[in-house]
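The values are calculated or read from the model by the stated rules, or taken from the named source; none is laboratory data. A quick note: this is a predicted structure, and the numbers were derived from the prediction, not measured. Please note: Cβ atoms are built from the backbone with ideal geometry, for glycine as well, and neighbour counts cover all protein chains shown. Remember, those area values only see protein heavy atoms, side chains included, never the ligands or the DNA or RNA. Shrake-Rupley method; radii C 1.70, N 1.55, O 1.52, S 1.80 Å.
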Amino acid sequence: MKTSFAVSIQKTQFGAIAFGESFQDIASTLKSLGYEGIELAIRDPQSIDQEKIINTVKELELAVPAIGTGQAFIEEGLSLSSLNNKIWEKAVARLKEHILFASHLNSIVIVGLLRGNLPTETEKEKRNEALERFKKALIDCGKLAQKKGVKIVVEPLNRYEVNFLHTIEETLQFLQELGVDNIGILADSFHMNIEEVNLYQSIVKANQRLWHFHIADSNRWAPGFGHLDFKPLLQALQEINYQGFISAEIIQKPSFLGAARQTSTYLKNLLSELRLI
């Protein structure tokens, strides 16, 4: 299994991700630490130097396994389930920009926070309408992604960050109803530790619909700095013959370099023990 590290291209309020003024320096550091990939978090693909990023990862021979979209929600309030037409249309257009950029890097596009939040359970009619808007957005964007050879993954997030699709089982059911073949699941050990009854069984249940995997410890620090036992998780990935990346989306403590080095060393040792490298 290959490893990657999540990096933000633009300044962000989201703390569980690396950011530096020089993308070249961060990417070079990750390469030197043995990472095979670099996951990109991008608020707006049109506001970055796409050519420079593409050239940098090619020169360093780093894959870009996935591109995150959550900053568009955090920084701008864009939402694929919004009942506000302008916000919804802008969110859909933004996701399409991510898909177009991803097509140049053979990357998966992540839909996590960008899905937004639904109205409360007491507002059943509005809640159903918002959910339908989310489905419509995914179907529309899924068609573009299919044309461009791009996959999309929906990430189950914990209840303190969003108010729907918290577990892998819920997300699998949602995708089955959606019926779009090129939309799968991203599982994140941090969120799973909060929401899943059994992390191992949840991964096995996701099976061939699991296309990307985020790793972080129970406190969202690097693996080994919390109390999660990652061995069963990697064994579950092995059982389903997972072919994607293990990507660290973690708080940069004690520092970017410290977090990146700890993650790399921890994963190399564990993957070696399990004979997965």
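For Cα pairs less than 8 Å apart in space and 6+ apart in sequence, what is the mean separation divided by the residue count of the range 58-123, i.e. the relative contact order in percent?
Values: 79 pairs, mean separation 31.4, N = 66.
Taking the mean separation of contacting Cα pairs over the length of the range 58-123, I get 48 percent.
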Evaluate E = 1/(1 + (r/R0)^6) for Lys147 and His227, where r is the Cβ-Cβ distance and R0 equals 30 Å; express this FRET efficiency to the nearest 0.05. 0.10
Please list, in chain and number order, the residues 5+ apart from Val109 or on another chain whose amide H is under 5 Å from its amide H, with Hs placed from the backbone. Ile67, Lys151, Ile152, Val153
Dipole-positive endmost among Asn163, Gly142, Thr122 within the range 120-170 (Cβ charges, Cα centre): Gly142
Return the equivalent ellipsoid semi-axes of the range 172-232 as a descending list in whole Å, where each equals the square root of 5 times an eigenvalue of the C-alpha gyration tensor. 24, 11, 10
Accessible-area composition of the chain, carbon plus sulfur, in percent [1.4 Å probe]: 46 percent
Rounded to the nearest 500 deg cm²/dmol, what is the calculated helix-only ellipticity per residue at 222 nm for the chain, with -39500 (n - 2.57) per DSSP H run of length n ≥ 4? -13500 deg cm²/dmol
Mind jotting down the three principal axis lengths of the range 1-105 based on Cα atoms? Whole angstrom, largest first. 46, 28, 27
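Provide the per residue accessible area, probe 1.4 Å, for the range 1-43, rounded to a whole number of square angstrom.
On the way: 1660 Å² over 43 residues.
Per-residue accessible area for the range 1-43 comes out at 39 Å².
Roughly how big is the range 193-277's charge dipole about its Cα centre, with Cβ charges of +1 (Lys, Arg) and -1 (Asp, Glu), in debye to the nearest 20? Numbers along the way, then the final one.
On the way: 8 positive and 7 negative charges, 43 e Å.
Computed about the Cα centre, the dipole is about 200 debye.
Mind checking the full-extension length gain between Asp25 and Arg159? Use 0.36 nm per residue of separation minus the Cα-Cα distance, one decimal, nm. Provide the component values of the computation, followed by the final result.
Numbers: separation 134, 0.36 × 134 = 48.24 nm, distance 3.54 nm.
Roughly 44.7 nm would be gained on extension.
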Taking the Cα centre of the range 1-120 as origin and charging only Cβ (+1 Lys, Arg; -1 Asp, Glu), how large is the dipole, in debye to the nearest 20? 340 debye
What whole-number value in Å² describes the accessible area per residue of the range 104-260 for a 1.4 Å probe? 44 Å²
Which residue, Phe174, Met192, Ile152, has the largest displacement toward the positive end of the dipole of the chain when charges sit on each Cβ (Lys, Arg +1; Asp, Glu -1)? Ile152
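For the range 75-198, would you read off the P(r) tail past 24 Å as a percentage of all alpha carbon pairs?
Numbers: 1869 of 7626 pairs.
Result for the distance tail: 25 percent.
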Relative contact order (%) - the range 1-63, alpha-carbon pairs under 8 angstrom, separation at least six: 41 percent
Using the basic label-point model (7 angstrom from Cα toward the beta carbon), what is the Asn219 to Glu132 distance in nanometres? 4.7 nm
Which residues does the label zone of Gln208 cover in the range 237-261, counting backbone N under 20 Å from a point 7 Å along Cα→Cβ? 237-245
Go ahead and run the numbers for FRET between Asn269 and His104, Cβ-Cβ distance against an R0 of 35 Å, rounding to 0.05. 0.55
